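One structure below.
The values are calculated or read from the model by the stated rules, or taken from the named source; none is laboratory data. Predicted model only: the values in this text are computed from it and were never measured. Using ideal geometry, Cβ is built from the backbone for each residue, glycine included, and neighbour counts are taken over all protein chains shown. Ligands, DNA and RNA are stripped out before the accessible areas are found, and what is left, the full protein with its side chains, is counted by its heavy atoms. Shrake-Rupley method; radii C 1.70, N 1.55, O 1.52, S 1.80 Å.
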Amino acid sequence: MQQHEAAREASVSVATAKAPLPAEAASEFADYHRGAYAFWQGTVHWAEARAAFEALLQRPKTERHYRSTWAAYMLGKLAVYEHKADAAKWFQLTRTLAKEGFADSLGLAAESYGWEARSELDAGHYEAAAKLYLTQLALGDTSAIVSLKAIIPDRPNVFGMLNFGADGVALPPDIEADPAETGKPVAVKISPLPAPPAANTLARCVADNGLRALVTAHVLATETVPDSWKYPDNQLPVDPAAEKVASRSEQWLAEIEKAKLKDVANAEQLGWIAYAAGRYDEAERWLALATSDTATAQWLSAKMLRRAGKLAEATEAMQKAWASLSKAKSLSTDEGQNDEFIYRPDSYAIVSLSSNAAGDLGALHLQRDEFTPALDIFYRGRLDDEASYVAERVLTLDELKKYVTSTAEQARPTPRWEGDGLDLRWLLARRFVREDRYAEAALFMPAAYQPALKIYVDALGDAADGTLSKPARAKAWSTAAWICRAYGMELMGTQVEPDNFASEGSFETTNISEMRAKDISRTAYDDNGKLMLVKGKPPALLATAEEKKRLAKNKPSPDLRYHYRYIAASLAAKAAALMPDQSEELADALNTAGSWIKDGDEKAADRLFQIIERRAAKTKIGKAASLKHWFVEDTGPWSDAMEAMKAKLEVDIEAAKAAKPQ
């Protein structure tokens, strides 16, 4: 075992360390180590490598259980590297040996499909290569996806991604030394590949079912949406749909038409290409030729029905498409989720194919004034911004309460990570607070913030009690102001615009409400990095009169970012109205309240500053503010008392968060 370990170490490091191969007891392991050692010494030693691997396979079956698949696999790779015609037989032998029970600890049987496909590709056998790569992919090896892309004849070169097969590019080396150890990379030198004997063409792809399906899939994936990356600073054109983005789409459709095929599999996918290129009559014709009731066909059918104004039929077709796609499994993520990072003009997002379908279905529900079904499909589809928009701005409060209490818990998708997903119960609680329905808010507010809510509500009650003394009422207004400022996001903040509870207030998100109200479909960043609405082609599905009516009614007051800060400042001003003139407490309250809102509403803040000049100019804070002609960073007894209250409450909140949820 010590000899084997030393030989293995020498064989894997020979390309960089040049260590000699130590003596080793005769065995299948020794044979393999000799072959590997010779292989990594470079092309002049490959004959030695081949002889060692072949010697291993000539051993009796009982003496080569662990390295037979490895040897056959390496013989195939050598044949590919040396452009020999017998590569396929060695990869096929690799799979045969694995089936016969020889050890395949590295999964070489599955990987051999890709290398056999490479040998077929080098020979110009694109049809055979495609089938082998697809088999490799079906066995779970997703590296086949990159190889499949190389078969596409008109695929443009993409920076950092290899297009091998049609241009004689050399295979990438299998090993490269660590520059930190050697000073420069050292790789196995491989002679360039000759140009394939028969170059792949679109016409050739049309004639073969497999190649035709691959090119169709590639065109669908890459050519049917505008390329957001080509515009400087993410400034999309006013109407991206007007740009010529479908040239490859049109070329592929032309080749298909030229072939005059009698039977075309996946005709609905060609219909999608035509639809995205704006050739709607062709899309309708391809859809009519579709022979299967796939999600792709149903989705395209929904698009065409929507264009014809048949919203009920479009919604029914889209429901079928989404139901099918929501059950689909992904090749690239765990636990059956088909989520992917995608780029939107204003953000990155995690969106799945089923989520995109949910977006179309939810939009159709909105178009029909079916607002609760729209929320349901957005919520199930993990489209949290869209679901939040409907929940906060479109549904009535009682409609939202009914959905949350009767449906939402059953509709909630399985979380992908801790804290994942929209918390509709908390959203409902905050909306209850914004509409002064505090008793109902308490039923849905998380336990951690129940104490803060109670203090806030009790303080408002005491402040409005005319039987209490002015100092008592001033203290109550002050308490309410500080709770509102310190915990306003958690108690009453909006999920998306304007407060953006979803990002803890850190980021400004797309103002869906304004876009829907103004019939705008796109946003972009201005020179200052601020999101702006971009006028141009309106959305395909405009907001209805009823939706716009609800938007006007269901908005926070004021409709400004961090709107609760303005409420807090107003409460502080009410407290100040009950405080004695020229007191440090008065100056502190007004100065602090003004600081809360001065960056968002300078006019409102200035009104508070004028009160300081009129009623507290002789105080320490008042003098400093007068000297600066604006609010100062100084604090006083009012702030100290409120900070002490906040510190005590913060301890209770953290304890509640740490406790086991009830």
- Message: On the basis of being under 48 Å from the mean Cα position of the chain (by Cα) and in contact (Cβ under 8 Å) with a residue 12 or more places away in the chain, does A52 make the cut?
- Response: no
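Conditions (1) aromatic (F, W, Y); (2) buried (at least 21 other Cβ atoms within 10 Å of the Cβ); (3) modelled with pLDDT under 95; (4) in contact with a Leu (Cβ under 6 Å, 6 or more places away or on another chain), marked per residue:
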{"position": "L289", "(1), (2), (3), (4)": "no, no, yes, no"}
{"position": "S292", "(1), (2), (3), (4)": "no, no, yes, no"}
{"position": "L300", "(1), (2), (3), (4)": "no, yes, no, yes"}
{"position": "L305", "(1), (2), (3), (4)": "no, no, no, no"}
{"position": "K310", "(1), (2), (3), (4)": "no, no, no, no"}
{"position": "E313", "(1), (2), (3), (4)": "no, no, no, yes"}
{"position": "E316", "(1), (2), (3), (4)": "no, no, no, no"}
{"position": "L325", "(1), (2), (3), (4)": "no, yes, yes, yes"}
{"position": "A328", "(1), (2), (3), (4)": "no, no, yes, no"}
- Exclusive hit being surrounded by 18 or more Cβ atoms within 10 Å (Cβ to Cβ), closer than 30 Å to H365 by Cβ and basic (K, R), set R565, R550: R550
- Condition set outside any loop (DSSP other than H, G, I, E, B) and modelled with pLDDT under 90, scope the range 533-547, selection least open to solvent (accessible area, probe 1.4 Å): answer is V534
- Query: In the range 95-119, which residues are farther than 14 Å from S143 by Cβ and either under 34 Å from the mean Cα position of the chain (by Cα) or polar (S, T, N, Q) (or both)?
  - Reply: T96, S105, A109, S119
- Query: Residues of the range 1-29 being at pLDDT 90 or above, part of a helix (DSSP H, G or I) and out of contact with any helix residue (DSSP H, G or I) (no Cβ under 7 Å at 6 or more places or on another chain), which ones?
  - Reply: Q2, Q3, E5, A6
- Task: Could you tell me which residue of the range 428-456 is nearest to T405 (Cα to Cα), considering only residues that are open to solvent by 40 Å² or more (accessible area, probe 1.4 Å) and hydrophobic (A, V, I, L, M, F, W, C)?
- Result: L443
- Message: Would you confirm whether or not the range 516-532 contains a residue that is in contact with an Asp or Glu (Cβ under 8 Å, 6 or more places away or on another chain), surrounded by fewer than 23 Cβ atoms within 10 Å (Cβ to Cβ) and modelled with pLDDT of 90 or more?
- Response: yes
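This table checks each residue for (1) under 24 Å from L364 (Cβ atoms); (2) not small (G, A, S).
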residue: L253; (1), (2): no, yes
residue: E257; (1), (2): no, yes
residue: Y275; (1), (2): yes, yes
residue: G278; (1), (2): yes, no
residue: D293; (1), (2): yes, yes
residue: L305; (1), (2): yes, yes
- Message: I'd like to know if the range 492-512 contains one or more residues that are part of a helix (DSSP H, G or I), acidic (D, E) and either touching a residue at least 60 places away in the same chain (Cβ under 8 Å) or open to solvent by 40 Å² or more (accessible area, probe 1.4 Å) (or both).
- Response: no
- Could you grab the pairs with beta carbons closer than 8 Å, sequence gap of 6+ or different chains, first residue in the range 451-474 and within 14 Å of G488 (Cβ to Cβ), second one of a type in the set (D, E)? A452/E490
- Mind checking which residues of the range 120-135 are of a type in the set (G, A, S), part of a helix (DSSP H, G or I) and open to solvent by 20 Å² or more (accessible area, probe 1.4 Å)? A128
- Kindly provide the set of residues from the range 383-408 that are in a loop (DSSP other than H, G, I, E, B) and hydroxyl-bearing (S, T, Y), ordered by number. T396
- Scan the range 368-382 and give yes if some residue there is open to solvent by less than 50 Å² (accessible area, probe 1.4 Å), at positive phi, in contact with a Leu (Cβ under 9 Å, 6 or more places away or on another chain) and not in a helix (DSSP H, G or I), otherwise no. yes
- Message: Looking at the range 552-571, can you tell me whether even one residue there is under 30 Å from R306 (Cα atoms) and outside any loop (DSSP other than H, G, I, E, B)?
- Response: yes
- Query: Of everything in the range 49-86 that's acidic (D, E) and in a helix (DSSP H, G or I), which residue is most open to solvent (accessible area, probe 1.4 Å)?
  - Reply: E63
- Looking at (1) open to solvent by less than 20 Å² (accessible area, probe 1.4 Å); (2) of a type outside the set (A, V, I, L, M, F, W, C); (3) out of contact with any Gly (no Cβ under 8 Å at 6 or more places or on another chain), can you tell me which one E116 breaks? (3)
- Item | Hits in the range 604-635 (condition: within 47 Å of the chain's Cα centre (by Cα) and part of a loop (DSSP other than H, G, I, E, B)) | W630, F631, V632, E633, D634, T635
- Task: Report the residue count in the range 459-489 for those that are exposed (fewer than 15 other Cβ atoms within 10 Å of the Cβ) and either touching a Ser or Thr at 6+ places or on another chain (Cβ under 9 Å) or β-branched (V, I, T) (or both).
- Result: 1
- Note on the structure: Taking the range 278-293 and keeping residues more than 14 Å from V264 (Cβ to Cβ) and not in a helix (DSSP H, G or I) leaves G278, R279, D293
- Task: Look through the range 594-646, keep the residues that are under 24 Å from Y456 (Cα atoms) and of a type in the set (S, T, Y), and return whichever of them is surrounded by the fewest Cβ atoms within 10 Å (Cβ to Cβ).
- Result: T635
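Yes or no, residue by residue, for (1) in contact (Cβ under 8 Å) with a residue 60 or more places away in the chain; (2) within 29 Å of D122 (Cα to Cα):
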| position | (1), (2) |
| --- | --- |
| A26 | no, no |
| Y32 | no, yes |
| Y37 | no, yes |
| W40 | yes, yes |
| W46 | no, yes |
| T69 | no, yes |
| G76 | no, yes |
